[in-house]
Amino acid sequence: MFIRLAVLICLASGTVHASDAPLNAKQQAVWDQMRTAVVEVEQRLDGVLGVAILDLNSGQQMLIRPDEVFPQASSIKIAVLAELYHQAQQSAQGTSGKATLKDRYVVRAADIVSDSFILGGLTPGVTSLTNRDLATIMVAVSDNSATNVLIDRVGMDNVVRLTESLGLAHTQLRRKMMDLQAAAQGKENISTPREMMQLLEQLYRGKVIGPPLLDDFFNVLATGKNSWIPRDLPADLKIANKPGELEGVRNDSGIVFLKNRPYVICVMTTYLTNERAGEEAITRISSLAYSVFERFSRASDLGRVISPGNGVR
């Protein structure tokens, strides 16, 4: 029943919900219509597309090429951010030698790589930032130098161990940002639609980070950014996502914190002849998903919506 919400798991100030009942027949019909529309988007795209959408209440999934490996570009930074907060939690629990959010970093010229629009403009040897500052810069503008500093601080091997411990065999951080030599050798940062969905779900359910750091993790991941999942959605909707782009590749993965009906959406594209078409496909699929979840969030199990000022007829 839509009006019978599941009991909240109070792990992150109300951000985490237990599973609700499965979709009923009418809701399933709406879900199937969404899938048909998403398949039409996929068929029109000149490239390869993978999708994983998860209803965090019912557990319902919509999957297209869920287990195909896609280059992640900057979307892999979700895993780097997760390991930073994982270590911060370990440090708070008394484990020595782990990174914290307050650890200081002084900008060094030697750390600057291309596509570093913030760190590249700061004063080496003078400007001091915290790890949390670096994380925010990494998410907001996908600053590659900030990302590489964090990778060095948390350890690339630790990021890999974290994803492996969560059963994500194909979610791999295999090189630092803008290491073109490593990329030419095939060391691409990779994942699958299903695994990125599972990573976000496990984060959401508090299986990686607990309170109070979990709320802050999602606040950082929801930092405003130029990306494709939120593009046609309401401006005040909290969306914790990270896009990624390379030549021929466009991705975006995140959680949409829609009231009463949060969901995970991961859309990945590769072999694109037109990157803008990939971006538009991600935005269109995101809009289709939101339309369904927004109706589910406001309706009874019969589909009746009662809005403020809604008269009885």
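The values are calculated or read from the model by the stated rules, or taken from the named source; none is laboratory data. This one's a predicted model, so the numbers in the text were calculated from it and none came from an experiment. Cβ atoms come from the backbone with ideal geometry, glycine included; neighbour counts cover every protein chain shown. SASA here: full protein model, heavy atoms, side chains in, ligands and nucleic acids out. Shrake-Rupley method; radii C 1.70, N 1.55, O 1.52, S 1.80 Å.
The table below lists the values:
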| read-out | value |
| --- | --- |
| Any hit, the stretch 145-166, residues being outside any helix (DSSP H, G or I) and either on the phi > 0 side of the Ramachandran plot or touching a Phe, Trp or Tyr at 6+ places or on another chain (Cβ under 6 Å) (or both) | yes |
| Of the criteria (1) modelled with pLDDT of 95 or more; (2) in a loop (DSSP other than H, G, I, E, B); (3) closer than 23 Å to ASP252 by Cβ, which one SER116 fails | (1) |
| Whichever residue in the stretch 100-123 is more than 20 Å from ARG175 (Cα to Cα) and open to solvent by less than 40 Å² (accessible area, probe 1.4 Å) and, among such residues, is farthest from the chain's Cα centre (by Cα) | VAL107 |
| From the options ALA79, ALA73, ALA146, residue that is touching a residue at least 60 places away in the same chain (Cβ under 8 Å), under 23 Å from ARG250 (Cβ atoms), out of contact with any strand residue (DSSP E or B) (no Cβ under 6 Å at 6 or more places or on another chain) and crowded, with 17+ Cβ neighbours inside 10 Å | ALA79 |
| Options ILE306, ILE285; residue that is over 22 Å from ALA79 (Cβ atoms), modelled with pLDDT under 95 and either out of contact with any Phe, Trp or Tyr (no Cβ under 8 Å at 6 or more places or on another chain) or open to solvent by less than 30 Å² (accessible area, probe 1.4 Å) (or both) | ILE306 |
| Options ASN219, ASN226, ASN251; residue that is within 21 Å of SER74 (Cα to Cα) and part of a loop (DSSP other than H, G, I, E, B) | ASN226 |
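Conditions tested, residue by residue: (1) crowded, with 23+ Cβ neighbours inside 10 Å; (2) aliphatic (A, V, I, L, M).
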residue: ALA222; (1), (2): no, yes
residue: ALA235; (1), (2): no, yes
residue: LYS238; (1), (2): no, no
residue: PRO243; (1), (2): yes, no
